[in-house]
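Remarks on the structure that follows.
No value in this document is a laboratory result; all are computed from the given coordinates. This one's a predicted model, so the numbers in the text were calculated from it and none came from an experiment. Cβ placement follows ideal geometry from the backbone for every residue including glycine, while neighbour counts extend to all protein chains displayed.
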Amino acid sequence: MKASEPADTGTGRARCSSCGLVNFSSSESCRRCGGHLQSDDRDPEPASLAGDGGRTLGQWVLWIAGVVVTIVTMAYASLLITSDGLTSEQGTAVQDAVAVIEEAGLSREASVLRRVVSYRSSDNWWNRYVGHHPAYAATNYPFAVVTLYPAFFRFPVDDVERAVILLHEATHVLGADEETALRRVWMEKGRLGWNEGDYGSSRVWKNTREWTTAGAPLLFKCGLDGESDCLR
């Protein structure tokens, strides 16, 4: 009498490689001939999460961090490569202006301007691409690349006015927007020794007041006419 095959219990089957008899998957040898059993439909063993040669979570994090650092480094280098540095004379003018900021007690900004900022004298590729209005200086955040245009060296009457411009850019380097930078400089002008009596007729004073009035109008709502400088 022909032996019946085992019922399919949904747990898988094992076929004998010698006689072909289908055995239960739990069997270690063939019920008929004792031969080797060959799996037909057993579920495959689950693969390792990492797999042979795969990355662990920590390795992925390090790899992504490495890619980000590489991209940022290349972007920073491209800003420097596509622009010109300062001459020795221009560098001296910058350091003298930073000294004014330091003497005013603005040590954080002075430290940033001395140790963090990379100064350039011409536009890099990004500045040329986005364009900008006539200015004394421009900052590429978060790379701390500060471009000083010819107007920075030509129009300020002394180191104090150049310090005013650099304080504005240092505020940008620290992450502030334009309105905040304008307000900060106007509020600190007294500490820098920059006042209307001595500098009211200078181009830098007139430009800065005009830009600050537009960007931070609440600083000019004082006096009987409601249009005077509140920090005079």
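Tabulated data for the structure shown
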quantity: Computed magnitude of the charge dipole of the chain (debye, nearest 20; Cβ of K, R +1, Cβ of D, E -1); calculated: 720 debye
quantity: Principal axes of region 151-232: Cα extent on each, largest first, Å; calculated: 37, 30, 21
quantity: Share, in percent, of DSSP beta bridges within region 104-232 that are antiparallel, nearest 5; calculated: 60 percent
quantity: Antiparallel DSSP beta bridges within the chain, as percent of all bridges there, nearest 5; calculated: 80 percent
quantity: All Cα pairs of region 82-220, percent lying beyond 24 Å; calculated: 23 percent
quantity: Computed [θ] at 222 nm, deg cm²/dmol, the chain (DSSP H ≥ 4; -39,500 (n - 2.57); rounded to nearest 500); calculated: -14500 deg cm²/dmol
quantity: Förster-model FRET efficiency, 25 Å R0, R115 and E179, C-beta, rounded to 0.05; calculated: 0.40
quantity: Environment charge of C230, counting only residues whose C-beta is closer than 15 Å and scoring Lys/Arg +1, Asp/Glu -1; calculated: +1
quantity: Summed residue charge, Cβ within 10 Å of G215's Cβ, Lys/Arg positive, Asp/Glu negative; calculated: -3
quantity: Kirkwood Rh in Å, taken over the chain so that all alpha-carbon pairs contribute; calculated: 23.4 Å
quantity: Over region 69-121 - Rg/Rh using Cα atoms and the Kirkwood inverse-distance radius; calculated: 1.08
